[in-house]
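Notes follow once the structure below has been shown.
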Amino acid sequence: MRRLTFLLFPLVLMACSADFLRVQPAEEWSPDSGDFQVDAAAFQDISRAVGKTARAECLRQSKVSNCDFTILVDLNPRAPVNAFQTLDKQDQPVIIFTRSMIQSAKNPDELAFVMAHETAHHVLGHIARQTEIAQESAAIFNDLGKLHGEDGRELERSQKLGAEVGVQVNVKDFELEADQLGTIITHNAGYDPLVGAKYFDRLPDPGDEFLGTHPPNAERVQIVVETARQLGLTE
C-alpha cells in the first residue's frame, strides 16, 4: 500500500544490522503466533485466487509482457506494516507482504483488496510509466538548468530533482488507478472490495499534501465505492 519500488528484490536480503530479512513464498508461510486474524490457509487461498485473477486481467489488458505473479511474505518481525509490488531480475512481478501487514488485517477481504491493489500496479504498467515520466521530467529540468548556466554536479542535481518531481506529481493518480482496478480484481477473485476497503479506516490520512505519495483516504474510498457500484455491489 505504500509505494511502488524500482528495486529488484532478491529472495534473501541482509540488513545494515546483523539481522537477515527473509522472504518466503505465500504457499509456505504460516503464522508464528496467535496474533493473526487471517490464518495461513486463508492467506494462501487469497494468494491463489487474486494471483489467478490478476494474471487473467493482465493478459487481457496486454500492457506488460510478464503476468505471472509471485507472492512473498517478508518474515522480518520488525518490518513495518506494508505491501508493495516490484520486479525481479526477469521482470516477473513480485508482491511482498510484511508479516505485520498480514497481522494487521481483520479479515480475508482486507488482505485480498490490498493484494489486488498491488497486482493492479503491475497490470497497469506503473513501474514502466514511472520510469518514463522520470526520464522526461529529468530532461526538462536538465534543459532549464542549462538555461540558467548550470553544469556538472549542479546539472545532475537538477536532473535528479526533475525525476523526483515528475514521479511525485503522478503517483497519486497511480494509486487511484490501482484502487479502481484492484476493486475489480478483488471482486472477480471472490472477495468483497467494500469490506476490504475498510482497511482505509485504520490508515493515517495523508490529506491532500502537495507532492505526497498517496491521495486522501476519502478519495480512495470513493473510487472503490463507485467502482463497486458498477459491479452491482452496495454497502
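Taking the numbered list (1) in a loop (DSSP other than H, G, I, E, B); (2) under 17 Å from Y199 (Cβ atoms); (3) open to solvent by 20 Å² or more (accessible area, probe 1.4 Å); (4) aliphatic (A, V, I, L, M) in turn, V38 passes all entries but (3).
Candidates in the range 95-124 are the residues that are in contact with a strand residue (DSSP E or B) (Cβ under 7 Å, 6 or more places away or on another chain) and open to solvent by 10 Å² or more (accessible area, probe 1.4 Å); of these, the one that is farthest from P80 (Cα to Cα) is H122. When R60 is tested against the conditions (1) in a helix (DSSP H, G or I); (2) within 24 Å of Q37 (Cβ to Cβ); (3) not hydroxyl-bearing (S, T, Y), the lone failure is (2).
Beta carbons closer than 8 Å, at least 6 apart along the sequence or on distinct chains, never pair a first residue in the range 219-235 that is without any contact (Cβ under 8 Å) to a residue 12 or more places away in the chain with a second that is open to solvent by 80 Å² or more (accessible area, probe 1.4 Å). Of the residues E226, E164, the single one that is surrounded by fewer than 18 Cβ atoms within 10 Å (Cβ to Cβ), among the acidic types (D, E) and at pLDDT below 75 is E164. Picking from residues in the range 45-79 that are touching a residue at least 40 places away in the same chain (Cβ under 8 Å) and of a type in the set (S, T, N, Q), the one that is surrounded by the fewest Cβ atoms within 10 Å (Cβ to Cβ) is Q61. Screening P77 on (1) in a loop (DSSP other than H, G, I, E, B); (2) closer than 14 Å to A116 by Cα shows it passes everything except condition (2). Filtering the range 80-92 to residues that are open to solvent by less than 20 Å² (accessible area, probe 1.4 Å) and either touching a Lys or Arg at 6+ places or on another chain (Cβ under 9 Å) or part of a helix (DSSP H, G or I) (or both) leaves only A83.
Condition check ((1) part of a helix (DSSP H, G or I); (2) of a type in the set (V, I, T)) across all residues:
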| site | (1), (2) |
| --- | --- |
| I71 | no, yes |
| K106 | no, no |
| V114 | yes, yes |
| H117 | yes, no |
| A128 | yes, no |
| I133 | yes, yes |
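Let's see how each residue does on (1) modelled with pLDDT under 75; (2) open to solvent by less than 90 Å² (accessible area, probe 1.4 Å); (3) under 21 Å from the mean Cα position of the chain (by Cα):
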position: R129; (1), (2), (3): no, yes, yes
position: A134; (1), (2), (3): yes, yes, yes
position: G145; (1), (2), (3): yes, yes, no
position: N170; (1), (2), (3): yes, yes, yes
position: F174; (1), (2), (3): no, yes, yes
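Looking for something on the phi > 0 side of the Ramachandran plot, of a type outside the set (F, W, Y) and at pLDDT 95 or above - is there at least one such residue anywhere in the range 199-208? No, that holds for no residue. Checked against the criterion of being under 23 Å from R55 (Cβ atoms), assigned to a helix (DSSP H, G or I), modelled with pLDDT of 80 or more and not basic (K, R), the candidates G182, G190 yield just one match: G182.
The values are calculated or read from the model by the stated rules, or taken from the named source; none is laboratory data. Note that the structure is predicted; figures quoted are calculated from it, not measured. Here Cβ is always computed from backbone atoms with ideal geometry, including for glycine, and neighbour counts include all displayed protein chains. Side chains are part of the model used for accessible areas, which takes the heavy atoms of the whole protein and leaves out ligands, DNA and RNA. Shrake-Rupley method; radii C 1.70, N 1.55, O 1.52, S 1.80 Å.
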